[in-house]
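These notes are about the structure you will find just below.
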Amino acid sequence: MSANNSVYEAIGGMPTFRKIVSGFYKQVPEDDILGPMYPDQDFAGAEDRLLWFLAQYWGGPALFNENRGSPRMRMRHMNYPIDMAAHDRWLKLMKNSLDDIDEETLPMPYRQMIWQHMNQLAGMLINKAP
Ligand code: HEM
C-alpha cells in the first residue's frame, strides 16, 4: 500500500494513531494484568513504540523500522507471559480506546480494519497456556 493511498492517510495520519495509542496506554499503568508486565515502567516509551508500529503498518512513515528494526512481533513478545487473560485484557483496553474516538476521526471501515488486524496479531502473540 503506497503512502498516498493508505489507511494512514485516510484517517488523518499521526494525530489519529496518537489518539489510539494514548487512549490505550492511559489505562495500562493501573491495569492489574498489563501494568506489572512493564518492568521499567517506561509507559511513554512503550506508547511511542506502539505508535510507530501501527503508523508504519498502515502505510505511514517507517518509524518502527528506523527506531527499532524489523517488527518480529512474536519474538518481541516472548519475554512477556501472554496467556488468554492478557490477550483479552489487551484487546479490551484497546477497544475502550477505539470506542472513545469519534466516527468522524476514525470512520467505520478503517476502524474495523485496524481492530481486525489487532485481534489477529494478538492471537498470534499468545505464548502461555491456558
Ligand atoms: C496480546 C496481548 C499483548 C500483550 C500482553 C502485550 C504486551 C506488551 C508488552 C509488555 C510490551 C513491552 C512494552 C515496551 O515496549 O516496553 C509490548 C511491546 C510491544 N507491543 Fe505488545 N502486547 C500485546 C499485543 C500487542 C498487539 C496486538 C500489538 C500490535 C497491534 C502489539 C504491539 C507491540 C509493540 C509494537 C511493542 C514494542 C516492541 C518493541 O519495540 O520492541 N502488542 N507488548
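The values are calculated or read from the model by the stated rules, or taken from the named source; none is laboratory data. Predicted model only: the values in this text are computed from it and were never measured. All Cβ positions, even for glycine, are placed from backbone atoms using ideal geometry, and neighbour counts span all protein chains on display. The accessibility values were calculated without ligands, DNA or RNA, using every heavy atom of the protein model including side chains. Shrake-Rupley method; radii C 1.70, N 1.55, O 1.52, S 1.80 Å.
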- the chain: proportion of alpha-carbon pairs further apart than 23 angstrom, %: 29
- Along the stretch 96-102, what does the Karplus equation 6.51 cos²θ - 1.76 cosθ + 1.60 (θ = phi - 60°) give for ³J(HN,Hα), rounded to whole Hz, x for Gly and Pro? 4, 5, 4, 5, 7, 9, 6
- Task: May I ask you to compute the full-extension gain from Lys26 to Asp102, defined as 0.36 nm times their residue separation minus their alpha-carbon distance, rounded to one decimal in nm?
- Result: 25.6 nm
- Message: If you fit an axis through the alpha-carbon atoms of helix 14-25 and take the longest principal axis of the Cα set of the chain, what angle between them do you get, 0 to 90°, nearest 10?
- Response: 20
- Message: I'd like the FRET efficiency for Ala44 and Met14, computed as 1/(1 + (r/R0)^6) with the beta carbon distance as r and R0 of 22 Å, rounded to 0.05.
- Response: 0.85
- Item | Contact order relative to length of the chain, as percent, for alpha carbon pairs under 8 angstrom and 6 or more apart | 35
- Task: For every helix of n ≥ 4 consecutive DSSP H residues, a contribution of -39,500 (n - 2.57) applies; sum these over the chain, divide by its total residues, and give [θ] at 222 nm rounded to the nearest 500 deg cm²/dmol.
- Result: -17000 deg cm²/dmol
- Once both labels are modelled 7 Å past Cα along the beta-carbon direction, what's the Ala129-Gln116 spacing in nm? 3.1
- Query: Solvent-accessible area per residue for the stretch 3-124 at a 1.4 Å probe radius, Å²?
  - Reply: 55
- Task: Can you tell me the dipole magnitude for the chain around its Cα centre, using point charges on the Cβ only (Lys, Arg +1; Asp, Glu -1), in Debye to the nearest 20?
- Result: 480
- Estimated vicinal HN-Hα couplings, Hz - the stretch 53-63 in sequence order (Karplus 6.51, -1.76, 1.60; Gly, Pro = x): 5, 5, 4, 5, 4, 8, x, x, x, 7, 5
